[in-house]
Amino acid sequence: MSTKIPAYDRGKIAGHYPAVSNRQDEAYLDFISDARNLLHHAQQGPIGEYSLQLLEKENYATDPSDPSLEAASERLLKDNTVRNFFRVKRTYQESFWDRIQTSFNRRADKLKDALQHADHQGPGQLTVDESYNVPDYARSEIHIQPGGYTDDELTGYLYDAGMNVFLGGAGANDFAHRMFCNIAVTPGDGKVKRVLDIGCGTGAMTMCLKERFPDADVIGADISAPLLRYAHKRASDAGLDITYQHMPAEELAFADESFDLVTAHLLFHELPVPIARKVVAEALRVLRPGGTFHVFD
């Protein structure tokens, strides 16, 4: 694709999501989003039913706790109907990531300048440890996002634009994050003075938490410096006073029993099991007696 197509700062769409660099790119992503809704989201129920019927017919285990479940997975991936479903899903995913990355790279210098300018802007604060070495498990290209979450300065822009496509329009105005935020149960004594969002990513959940608990100190922690820089800009643009700190969720730099509420949104499915166990232990360590820990995944 030629990079000579004009690029523009087109503001935001669907609330806080960044608009891509021109109308051609936006039209392409709209097509991919609609196609995913038709060929992926709408087919998940039927493909699930088909898969269960196939497994039951051939007497494969379907109970997630059964140790032979791996054999069932291998059988499904030999079935052409199931293979085609996942091939179509992956093709659309590859297509929209390629277009999003190409689009933002058209004006990469301006976007990087905007992030740098926002680093020291308020409200809110950003702390990044430039000497931190990201562990190998966090360098994966999760959901095949180019560069993963840690190795591309524009990863926050890519993730948010990709999320808009992933959710097929259902994420407008951070709807999904807001829904989960609003059902988080508060401590029985009603005290919510300090809130921690671990693996905060682009900060959508963190922002919703600050809106729900405006008088609380709300902190977002993440292993990715580029995501934190984007999250800080996102919150600052919205006028929200949030603190973003750079740290792995399995090694939280906070005192014992120092938070009333801890949340983790779309984090655990991206972690190796040994790391996930450490994250749970850390979340419980920093949570005060009577506090609540909410996992949304």
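Points worth noting:
- Filtered by the rule that a residue be open to solvent by 30 Å² or more (accessible area, probe 1.4 Å) and on the phi > 0 side of the Ramachandran plot, region 185-211 gives a lone residue, Gly190.
- Only a single criterion out of (1) modelled with pLDDT of 95 or more; (2) under 23 Å from Asp9 (Cβ atoms) is not satisfied by Val82, namely (2).
- Those residues of region 84-109 which are of a type in the set (Lys, Arg) and either part of a strand (DSSP E or B) or surrounded by 13 or more Cβ atoms within 10 Å (Cβ to Cβ) (or both), in sequence order: Lys89, Arg99, Arg106, Arg107
- Hits in region 271-292 (condition: open to solvent by less than 30 Å² (accessible area, probe 1.4 Å) and either assigned to a strand (DSSP E or B) or hydroxyl-bearing (Ser, Thr, Tyr) (or both)): Leu287, Gly291, Thr292
- Some residue of region 31-40 being of a type outside the set (Phe, Trp, Tyr), in contact with a helix residue (DSSP H, G or I) (Cβ under 9 Å, 6 or more places away or on another chain) and open to solvent by 50 Å² or more (accessible area, probe 1.4 Å): yes
- Unmet criterion (only one of (1) closer than 22 Å to Ser236 by Cβ; (2) of a type outside the set (Lys, Arg); (3) assigned to a helix (DSSP H, G or I); (4) in contact with a His (Cβ under 9 Å, 6 or more places away or on another chain)) for Gln121: (3)
- On the stretch given as region 157-187, residues that are of a type in the set (Gly, Ala, Ser) and not in a helix (DSSP H, G or I) total 5.
- Within region 242-297, if we keep just the residues that are touching a strand residue (DSSP E or B) at 6+ places or on another chain (Cβ under 6 Å) and small (Gly, Ala, Ser), the residue that is nearest to Arg178 (Cα to Cα) turns out to be Ala264.
- Residue within region 193-202 that is in a helix (DSSP H, G or I) and either at pLDDT 95 or above or within 12 Å of the chain's Cα centre (by Cα) (or both) present: no
- Filtered residues of region 60-79 (kept if touching a helix residue (DSSP H, G or I) at 6+ places or on another chain (Cβ under 8 Å), assigned to a helix (DSSP H, G or I) and either loosely packed, with under 10 Cβ neighbours inside 10 Å or aliphatic (A, V, I, L, M) (or both)): Ala72, Leu76
- Residues in region 131-156 that are in a loop (DSSP other than H, G, I, E, B) and closer than 18 Å to Gly199 by Cα: 15 in all.
- Residues that are within 17 Å of Trp97 (Cα to Cα), touching a residue at least 12 places away in the same chain (Cβ under 8 Å) and of a type in the set (Gly, Ala, Ser) were ranked within region 148-183; the one that is most open to solvent (accessible area, probe 1.4 Å) is Gly169.
- Leading residue by the ranking (nearest to the chain's Cα centre (by Cα)) among those in region 212-270 that are β-branched (Val, Ile, Thr) and open to solvent by less than 20 Å² (accessible area, probe 1.4 Å): Thr263
The values are calculated or read from the model by the stated rules, or taken from the named source; none is laboratory data. Since we're looking at a predicted model, the values are computed, not measured. Cβ sites come from the backbone with ideal geometry, for glycine too, and all protein chains shown count toward neighbours. Only protein heavy atoms, including side chains, enter the accessible area calculation; ligands, DNA and RNA are left aside. Shrake-Rupley method; radii C 1.70, N 1.55, O 1.52, S 1.80 Å.
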